[in-house]
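K.L.:
Here it is, the structure, as C-alpha cells.
The values are calculated or read from the model by the stated rules, or taken from the named source; none is laboratory data. Quick caveat: nothing in here was measured; it's all calculated off a predicted structure. Here the Cβ positions follow ideal geometry from the backbone for every residue, glycine too, while neighbour counts run over all protein chains shown. When the accessible area is computed, the model is the full protein with side chains, heavy atoms only, and any ligands, DNA or RNA have been set aside. Shrake-Rupley method; radii C 1.70, N 1.55, O 1.52, S 1.80 Å.
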Amino acid sequence: MNGLGIRIEGLHKRYGSGDTAVDALKEVEMTVAPGEVVGLIGPSGSGKSTLLKCLGAVIDPSGGRMSIGDEVIYDDGWKTPDLRSLRRDRIGFVFQAPYLIPFLDVTDNVALLPMLAGRPNPEARQRARELLDALDVGHRAGARPSQLSGGEQQRVAIARALANQPPVILADEPTAPLDSERALGVVRLLNRMARQFRTAIIVVTHDEKIIPTFERIYHIRDGRTYEEAGQGKAPD
Amino acid sequence: MISLAGRDILHSWSRFVLTGFGLGLLIGVTLTMAGVYRGMVDDARALLNNSGADLWVVQKDTLGPYAEPSSLRDDVYRVLLGLPGVARAANVTYLTMQVRHGDSDLRAMVVGFEPGQPGQPEYLLAGRQVTRSHYEAVADEKTGLRPGDTIRIRRHDFRVVGLTRRMVSSGGDPMIFIPLKDAQEAQFLKDNDAILNERARTAANPALNRPGVPGLLEAVQAAQNASRSVNAVLVQVAPGTPPESVGAGIRRWKHLQAYTRDQMEEILVAKLIATSARQIAMFLVILAVVSAAIVAFIIYTMTLGKLREIAVLKLIGTRNRTIAGMILQQALGLGVIGFLVGKTAATLWAPVFPKYVLLEPGDAARGFVVVMVICTLASTLAIRAALRIDPATAIGG
Ligand SMILES: Nc1ncnc2c1ncn2[C@@H]1O[C@H](COP(=O)(O)OP(=O)(O)OP(=O)(O)O)[C@@H](O)[C@H]1O
Ligand SMILES: [Mg+2]
C-alpha cells in the first residue's frame, strides 16, 4: 500500500485574489519513493511551508494533483472528503520545535495518535513503547516532555509522527534547534525509519550540516521545483 | 482513548485547586444565602407552631402582630372566649427593643404572655417556665443568656428562669418571654414625668375637673394611665372546629381581624420576608454572574495558553468534538471542585452565623445543577477560541 510514496504534479497555489494575489506555488513537480528521504531546500519565501501545508492537507491547493501512497488526495479542485482522518492516518508531522503535549507523558504523547484512530489504549501504548525503544528514548517513556532534553524531545516527536505507520512524513526544519551531532542523529533516525517502515519522507531544511546526507534534493525557487542529485552521504 | 481534560487537570492541579477553592468560597456564600432565606422561612414556621395558636386576632385592617403594629383592648379575649368553637384565648404583646444585660445590651423581641396560656414558649432547653406573675423571664438560647441571669427591661429587673429555642422574630431577633402585665407596662406605660404632666393637664381641663362631680377627675386620670392594650389575642379552637369558620365569625361580628395559621404564614413569608428574599435573590444572581465570569476567565486563559498544543492536536487529527469536550470537562471539573469546597465551607460556617442558616439538600442539588450550567456556559468562550484555531498554524511559516 505504500507502493507509490508521494507524487505531486503541476501543483499550484495562489493566496488571495485580484491585485494582491500571490502565486506561492506555480509548477511543483515532485516524487518521493517509499523508504526514501528527500531534502527540500529554497530561499525564504520560496514556498516551502506552503508546499508542506498543501501536502499536509491543512490548506487547499489551487490546481494540480497530489497523491499519497495509492490514494489521490487532490485533483484539480477535488479533494479527499475526510481531511482529518487523512492527516491522522496517512501523514506524520515533525516540526522545528517538537510541540509535544505538555500534560501527557512521553508514552501517551506517542500513543495518542493510535488512540485517536480508535486503537485500544494497551495496544496504542505497546506500539508507542516499541517506537520509543527504536528511537533510543524508551528509558524516558514515563517522563513529561518538559523533563527531556531538546534532542530527546525531537526523537519523541519523530516517534509520534511514525505512530500510525503513515506512508508519508513531512518534516519542517526538524534539526534547526539541534547541534550538528544531534542533527545528524535525527537524520540517521529518519533514514532508518524510512527504510524500516517504507515511509516516504520530505525534509525541509536550511541546515548545511545535513544537506549532504540526502540522496536527492529538490530546490524550490519562486514557486517552482528543480530536482538535483545529492551527495547521499547518509550517516549510519 | 485517554481523558485529555483529566490529564491536563492533573498536570496543572495547583492552579485548578486554587481556582476551585476561590470559586468554592463564592459557591459557599451562595449556598449560605439560600440557607439564610430557608432559615427565615423555617423560623417563621417555628414561631407560628410554637405559639400554639389556631387563630391570631388583631386590630381591624392590620396585618399584625408581626408585620404591622396592632392594638387591642386587653378585655377582648373575654368576649372571644364566649364565642362558639373557641376553647382558649389569651393576650399577647410583642415589642422589639434593647434589653440590658450587665454592661451591654442585646436586641430582642420581648413577648408578654399569660403563663399556661397560648403564647407560652412550648419547649424548654433548661430551667423552668415562668411561674410568678412578675419579673421572671424565659429567653431564647440565641440571646446568650443563662438561667439565673438578670436582665433589665425599661424600669424593672427580670430574672431568667428558663431557656427556649427556635423562637425568633422575622427580623432574626431572639425572643424574651415575660409576664403580660410587665410587658404591657414596658410597652404602654408612660414615664413618671409624663404621668405628672398628663395629670396636671387633665386637672387643668375644666370639662374634666368639675367641682360638682367628685371622683370624675380621679377616674379619668386612672383611665389615662392604665395600660389596657395588647397586640394580639391568640385563640385555640375546640377540637373538630375549623379555625377558618371561627375566624369568619370574629371578623363578621367583633370588628376584629382574625388570621388562621396558613394566613399568618402567608403574611410572614410572602409579605414580611419578601424584601429580604428579593435581596437574597439579587445576591444569588450577582454571585452566579461573578462565578460565571471567574470560570470563563480561567478556562479562557488556560485555553489561550494551549493554542499551539491545540493546533497540533487538530493537525494530527483530533476531532473538534474531542477538543471542545476537553475544555468543557475542565470547566465542569472546576465546578465540581468549587461545589465540594463551597458545600463544605457552608456546612462549616453555618453554625457560627448570627442568623439561622438552613442548608437543604434540595438547595444543594439545585445549586450543583446551576454550577454545572454556569460552567458549561462559561466554557463556550474558550471552546469558540479553540475551534477557531487553524491547524495550519502548527506547521508555521
Ligand atoms: N497566508 C498567506 N497569505 C498570503 N500570502 C502568503 C501566505 N502564506 C505565505 N504567503 C506568501 O507565499 C510565499 C511563500 O511562503 P512560504 O511560507 O511558503 O515560504 P517559505 O519557503 O516557507 O519561507 P521561509 O523559509 O521564510 O519559511 C511568500 O511570498 C509568502 O509571503
Ligand atoms: Mg517556511
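K.L.:
Do you know which of the residues in the range A:6-49 that are away from ligand 1 (no atom under 12 Å from the Cβ) and of a type in the set (A, V, I, L, M) is farthest from the other protein chains (Cβ to nearest Cβ)?
P.N.:
Restricting to residues being away from ligand 1 (no atom under 12 Å from the Cβ) and of a type in the set (A, V, I, L, M), the top hit is A:Ala33.
K.L.:
Here is a follow-up. For A:Ala117, all conditions in the list (1) within 11 Å of chain B (Cβ to nearest Cβ); (2) more than 19 Å from the chain's Cα centre (by Cα); (3) in contact (Cβ under 8 Å) with a residue 40 or more places away in the chain hold save one; what is the number of the exception?
P.N.:
Evaluating A:Ala117 over (1) within 11 Å of chain B (Cβ to nearest Cβ); (2) more than 19 Å from the chain's Cα centre (by Cα); (3) in contact (Cβ under 8 Å) with a residue 40 or more places away in the chain leaves (2) as the failure.
K.L.:
Just for helices (runs of 4 or more DSSP H) wholly inside the range A:58-134: which have at least 1 residues that are surrounded by fewer than 18 Cβ atoms within 10 Å (Cβ to Cβ)? If you could, list the steps in order and put the result at the bottom.
P.N.:
Details: elements: A:83-90, A:106-116, A:121-134.
Answer list for the range A:58-134: A:83-90, A:121-134.
K.L.:
Looking only at the range A:213-236, how many residues end up being part of a helix (DSSP H, G or I) and more than 19 Å from the chain's Cα centre (by Cα)?
P.N.:
Residues in the range A:213-236 being part of a helix (DSSP H, G or I) and more than 19 Å from the chain's Cα centre (by Cα): 0 in total.
K.L.:
Let me ask another. Looking at the range A:135-149, which of the residues that are in contact with an Asp or Glu (Cβ under 8 Å, 6 or more places away or on another chain) and outside any helix (DSSP H, G or I) is nearest to B:Asp8 (Cα to Cα)?
P.N.:
A:Arg144
K.L.:
Counting only residues that are touching a Pro at 6+ places or on another chain (Cβ under 7 Å) and in contact (Cβ under 8 Å) with a residue 60 or more places away in the chain, which one in the range B:1-52 is farthest from the other protein chains (Cβ to nearest Cβ)?
P.N.:
Let us first name the residues in the range B:1-52 that are touching a Pro at 6+ places or on another chain (Cβ under 7 Å), namely B:11, B:50-52.
Still in the running and in contact (Cβ under 8 Å) with a residue 60 or more places away in the chain: B:50-52.
Values: B:Asn50: 58, B:Ser51: 62, B:Gly52: 64 Å.
Result: B:Gly52.
K.L.:
Within the range B:290-330, can you find the residues that are among the hydroxyl-bearing types (Ser, Thr, Tyr) and part of a helix (DSSP H, G or I)?
P.N.:
Of everything in the range B:290-330, those that are among the hydroxyl-bearing types (Ser, Thr, Tyr) and part of a helix (DSSP H, G or I) turn out to be B:Ser291, B:Tyr300, B:Thr301, B:Thr303, B:Thr322.
K.L.:
Have a look at B:Leu304, B:Leu315 and point out the one that is within 14 Å of another protein chain (Cβ to nearest Cβ) and more than 41 Å from the chain's Cα centre (by Cα).
P.N.:
B:Leu315
K.L.:
Report yes if B:Thr96 is among the hydroxyl-bearing types (Ser, Thr, Tyr) and either open to solvent by less than 20 Å² (accessible area, probe 1.4 Å) or within 14 Å of chain A (Cβ to nearest Cβ) (or both), otherwise no.
P.N.:
No.
K.L.:
Please determine whether any residue of the range A:133-148 is closer than 11 Å to A:Ala163 by Cα, more than 10 Å from chain B (Cβ to nearest Cβ) and modelled with pLDDT of 90 or more. Spell out how you get there, then give the answer.
P.N.:
Within the range A:133-148, the first condition is being closer than 11 Å to A:Ala163 by Cα, and the residues that meet it are none.
Within the range A:133-148, none of the residues are closer than 11 Å to A:Ala163 by Cα, more than 10 Å from chain B (Cβ to nearest Cβ) and modelled with pLDDT of 90 or more.
K.L.:
Can A:Pro166 be described as open to solvent by less than 80 Å² (accessible area, probe 1.4 Å), within 14 Å of chain B (Cβ to nearest Cβ) and away from ligand 1 (no atom under 16 Å from the Cβ)?
P.N.:
yes
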